[in-house]
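The values are calculated or read from the model by the stated rules, or taken from the named source; none is laboratory data. Not measured: the values here are computed from a predicted model. Methodologically, a virtual Cβ is constructed for each residue, glycine included, from the backbone with ideal geometry; neighbour enumeration extends over all protein chains shown. The protein model used for the area step is the full one, side chains on, heavy atoms only, and it has no ligands, DNA or RNA in it. Shrake-Rupley method; radii C 1.70, N 1.55, O 1.52, S 1.80 Å.
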Amino acid sequence: MQLRPLTKSKFHNVSKYLGKVSLPYVAAAVAFGISACSPIDESQKRAEEILSQMTLEEKVGQVIQGDISTVTPEDAKNYNLGSVLNGGNSAPGGGKTASWQDWVDAADAYWRASTDKSDGGLGIPLLWGTDAVHGHNNLQMAVIFPHNSALGATRDEDLLRRIGKVTAHEVKATALDWVFAPTLAVAQDDRWGRAYESYSEDQNLVSDLGAAILLGLQGSPD
C-alpha cells in the first residue's frame, strides 16, 4: 500500500503541536522525520530536555499502554504509564452502558493521576486512545457508521470527511484525544476475517478515502 508521504511543512505542524503538550512522544515523532527538518526545531529540544530528566522507570512506563478494563488511574500514576486505551469491548465501569459523564470522569481521573507530581516525578500527561473505528462506537447513543467495505463502495471522499468530523466531535465530547482509526487495510482475499475493515482492494481508493477521513478527524493543518 502506498500512502501519500508526510511533507516537510506538515511534519513541522505535527511536531509543533506535540511540543505544546510536552510529551516524551515528541522524541519519537521528531526522530522519525528529523532528516526532513533542518535546523532542529524547538520540539526536538523540548523532547531532549524532558528525556534528560526522566528516570529509567519513567521511560519504561511511557512506552506501556494498558486497557482501562485492567489498568486503574492509580496504576497509571504508580507506573508512569504513557497511555491507556479502551478496546472494542471495554468502556468505563467495565460495561458497555457507561454514560457520557462516566467517560469524562474517567478521563479526568487518569489525567489527574498521570500529572500528579507528589512522588517527585515529572507528571507527564497520559494519552487515552479509543477504538472509535465506526464512530465513537463504545459510547451509548453515539452515531454508528457502516463498516469500511460499505463506505468504500460509496467512493465518496466528502462523506468520509464528514464521518471523521462527527466521530471527532463525539470523541472530544468525552474528553479523549486519540482514536485508533481509520483502518487502512487493503484486503486482497475476502476470506480474511476482517476484510470488511478495508475500504477497497484498490490501494489508491484506500489512500484517497483514508486521507479524507483523517482530515475529518484531525482537521486541516493549522
Taking the condition of being open to solvent by less than 30 Å² (accessible area, probe 1.4 Å) and out of contact with any Ser or Thr (no Cβ under 6 Å at 6 or more places or on another chain), how many residues in the stretch 92-103 meet it?
3
Does any residue of the stretch 75-91 turn out to be open to solvent by less than 10 Å² (accessible area, probe 1.4 Å), farther than 30 Å from Glu201 by Cβ and of a type in the set (Phe, Trp, Tyr)?
no
Tell me, which helices (runs of 4 or more DSSP H) wholly within the stretch 20-89 include 2 or more residues that are within 24 Å of Val171 (Cα to Cα) and either under 21 Å from the mean Cα position of the chain (by Cα) or modelled with pLDDT under 90 (or both)?
25-33, 73-78
Would you check which residues across the stretch 108-130 are assigned to a helix (DSSP H, G or I) and surrounded by 21 or more Cβ atoms within 10 Å (Cβ to Cβ) and list them?
Tyr110, Ser114
State all residues of the stretch 156-176 that are surrounded by fewer than 16 Cβ atoms within 10 Å (Cβ to Cβ) and not in a helix (DSSP H, G or I); if no residue qualifies, say none.
Asp156
